[in-house]
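Student: Sharing a structure below in structure tokens format, with a few things to ask.
The values are calculated or read from the model by the stated rules, or taken from the named source; none is laboratory data. These figures come from a predicted structure and were not determined experimentally. Virtual Cβ from ideal backbone geometry, glycine too; neighbours counted across all protein chains shown.
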Amino acid sequence: GSVAQIYNFSAGPAVLPAAVVRQVQSELVSYKNSGMSIMEISHRSSLYTEMEAEAERNLRELMRIPDEYDILFLQGGGTLQFTMAPLNFAQKTKQIGFIDSGHWAQRAIEEARLVPGVKAKVVASAKTTNYTSLPKDPVLQKTYDYIHLTLNNTIEGTMYRTLPDLKNQVVVGDMSSNIMAQRYNVKDFDLIYAGAQKNIGPAGLTVVIVKHSLLHTTPELPSMLSYAKQAAKHSALNTPPVFAIYVASLVFKWLLQQGGVDEMQKRNEKKAQLLYDYLDSSSLFSAPVKKAARSTTNVPFVTGNAELDQRFVVAAQENGLVNLKGHRLVGGMRASLYNAMPLEGVQKLVEFMESFEQNIGG
Ligand code: PLP
């Protein structure tokens with residue numbers, strides 16, 4: 001039978017383009033008429049290497065990644081990058097400057113501090129506003145091995161539209177929750193990383209974009225933890241996550257067909273605007289984040305009454321609007337509007353919120 005239309009607002013793993021999921025289904029048993037599933041194919045076969053090369057090419061086109069950057073398809077999620085970045089790039093002064101914009105930035109700080117000898121210094125923080133805004137630009141009086149920046153704060157719902165002034169420091173960017181949802185200039189970064197499970201594909205794949213010239217400066221490390229060695233082996237030092245890379249390759253093609261990152265950004269702004277406009281006009285719901293810092297991909301909101309929040313989440317779910325419960329750290333609700341969330345999903349959400357508000361208001 002047919003499944004009722006569900007809109008999945010999860011922060012991750014998140015909704016994928018329906019057309020991509022259908023394509024996966026249609027060629028799951030026999031990839032390119034090989035008689036083998038993509039999951040069964042050798043990562044040394046041309047079927048794989050051609051697919052991987054095309055994925056890289058398409059990602060390069062989508063994000064306008066210059067040739068001087070390597071693209072790596074790794075594992076371990078965004079979280080392993082909290083360790084890999086310090087291991088590879090915090091080896092001169094051993095000091096990293098962190099912009100504390102929220103929970104995931106703090107996780108990056110905690111993990112950096114577990115790397116022997118590394119000092120993580122908070123150079124700017126949004127703590128005083130309870131992370132409802134972005135930190136003020138840091139005053140950087142010395143050179144750090146790098147400055148770490150979280151472009152989109154998935155839990156708090158804040159996002160950088162333009163980068164803070166980081167002088168001539170090396171810059172590492174965590175784009176896990178808005179890669180290809182927002183246009184950034186890759187050249188503003190020396191290292192970019194993103195777990196795949198929001199805007200790219202299945203969990204189990206991490207995309208890393210790294211300036212090639214920096215790889216020569218990295219220390220000798222265990223192979224799996226070394227960007228230089230991973231790059232030298234073209235991300236196939238060991239068996240890569242073939243299925244996840246394959247799904248990502250389909251998402252990249254889908255993104256190109258849709259018009260690419262600029263088109264996605266336009267759609268995301270439209271989707272987010274619709275929801276924020278309603279939240280700002282509602283007398284029941286409100287959005288805690290300051291306007292200038294509001295994320296287009298993660299929209300937290302509250303009623304101010306935890307019991308009512310819970311009733312809303314349950315009622316929404318019964319109406320096909322699922323995974324709206326806020327992160328346990330901030331409570332309330334959160335709607336994640338990643339690239340694959342269609343405008344209709346947000347329209348349905350706002351309609352439902354309006355009717356919920358009317359019924360509560362009596
Ligand atoms: N960084 C950001 C901004 C995130 O949103 C997340 C997960 O939601 C992570 C890092 C951790 O990612 P992973 O679960 O892939 O390790």
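Student: List the residue pairs whose Cβ atoms are under 7 Å apart, where the first residue sits in the range 336-354 and is in a loop (DSSP other than H, G, I, E, B), the second is of a type in the set (K, R), and the two are 6 or more positions apart or on different chains.
Tutor: Listed by first residue and then by second, the contacts come to L337/K271; Y338/K198; M341/K271.
Student: Something else: Suppose we filter the range 55-111 for residues that are of a type in the set (S, T, N, Q), more than 28 Å from V247 (Cβ to Cβ) and surrounded by fewer than 20 Cβ atoms within 10 Å (Cβ to Cβ); how many remain? Break it down stepwise before answering.
Tutor: Narrowing the range 55-111 to residues of a type in the set (S, T, N, Q): 58, 75, 79, 81, 83, 88, 91, 93, 95, 101, 106.
Next, only the ones that are more than 28 Å from V247 (Cβ to Cβ) stay: 91, 93, 95, 101, 106.
Imposing the further condition that a residue be surrounded by fewer than 20 Cβ atoms within 10 Å (Cβ to Cβ) reduces the set to 91, 93, 95, 106.
Residues in the range 55-111 being of a type in the set (S, T, N, Q), more than 28 Å from V247 (Cβ to Cβ) and surrounded by fewer than 20 Cβ atoms within 10 Å (Cβ to Cβ): 4 in total.
Student: Something else: Residues of the range 117-138 being within 19 Å of V172 (Cβ to Cβ), away from the ligand (no atom under 16 Å from the Cβ), of a type outside the set (D, E, K, R) and not in a strand (DSSP E or B), which ones?
Tutor: G117, V118, P138
Student: Another one. If you check K32 against the conditions, is it touching a helix residue (DSSP H, G or I) at 6+ places or on another chain (Cβ under 8 Å) and either farther than 20 Å from M224 by Cα or among the aliphatic types (A, V, I, L, M) (or both)? Give the derivation first.
Tutor: On the way: touching a helix residue (DSSP H, G or I) at 6+ places or on another chain (Cβ under 8 Å): yes; either farther than 20 Å from M224 by Cα or among the aliphatic types (A, V, I, L, M) (or both): yes.
So K32 passes the test.
Student: Under the condition of being of a type in the set (S, T, N, Q) and surrounded by fewer than 22 Cβ atoms within 10 Å (Cβ to Cβ), which residue from the range 318-344 is nearest to Q182 (Cα to Cα)? Break it down stepwise before answering.
Tutor: Of the residues in the range 318-344, the ones of a type in the set (S, T, N, Q) are 319, 323, 336, 339.
Okay, now just the ones that are also surrounded by fewer than 22 Cβ atoms within 10 Å (Cβ to Cβ), so 319, 323.
On the way: N319: 30, N323: 23 Å.
Only one residue tops the list, namely N323.
Student: On to the next question. Being farther than 29 Å from W254 by Cβ and free of Cβ contacts under 8 Å to residues at least 40 places away in the same chain is the requirement here; does E318 meet it?
Tutor: Values: farther than 29 Å from W254 by Cβ: yes; free of Cβ contacts under 8 Å to residues at least 40 places away in the same chain: yes.
So E318 passes the test.
Student: Here's a follow-up. Tell me, which residue of the range 183-216 that is touching a residue at least 40 places away in the same chain (Cβ under 8 Å), closer than 27 Å to G117 by Cβ and not in a strand (DSSP E or B) is farthest from the ligand (Cβ to nearest atom)?
Tutor: Of everything passing the filter in the range 183-216, S213 is farthest from the ligand (Cβ to nearest atom).
Student: Same structure, new question: Residue under question is I155, and the condition is that it be surrounded by 19 or more Cβ atoms within 10 Å (Cβ to Cβ), under 30 Å from F301 (Cβ atoms) and at pLDDT 95 or above; does it hold?
Tutor: Numbers: surrounded by 19 or more Cβ atoms within 10 Å (Cβ to Cβ): yes; under 30 Å from F301 (Cβ atoms): yes; at pLDDT 95 or above: yes.
Here the answer is yes, as I155 does meet what is asked.
Student: Something else about it: Among residues belonging to the range 42-101 that are of a type in the set (G, A, S) and within 16 Å of the ligand (Cβ to nearest atom), point out the one that is farthest from L250 (Cα to Cα).
Tutor: Within the range 42-101, the first condition is being of a type in the set (G, A, S), and the residues that meet it are 42, 45-46, 53, 55, 76-78, 85, 90, 97, 101.
With within 16 Å of the ligand (Cβ to nearest atom) added as a condition, the list becomes 76-78, 85, 101.
Details: G76: 21, G77: 20, G78: 21, A85: 28, S101: 32 Å.
My answer is S101.
Student: Could you tell me which numbered condition G331 fails, if it satisfies all but one of (1) within 15 Å of F9 (Cα to Cα); (2) not in a helix (DSSP H, G or I); (3) not charged (D, E, K, R)?
Tutor: All conditions are met except number (1).
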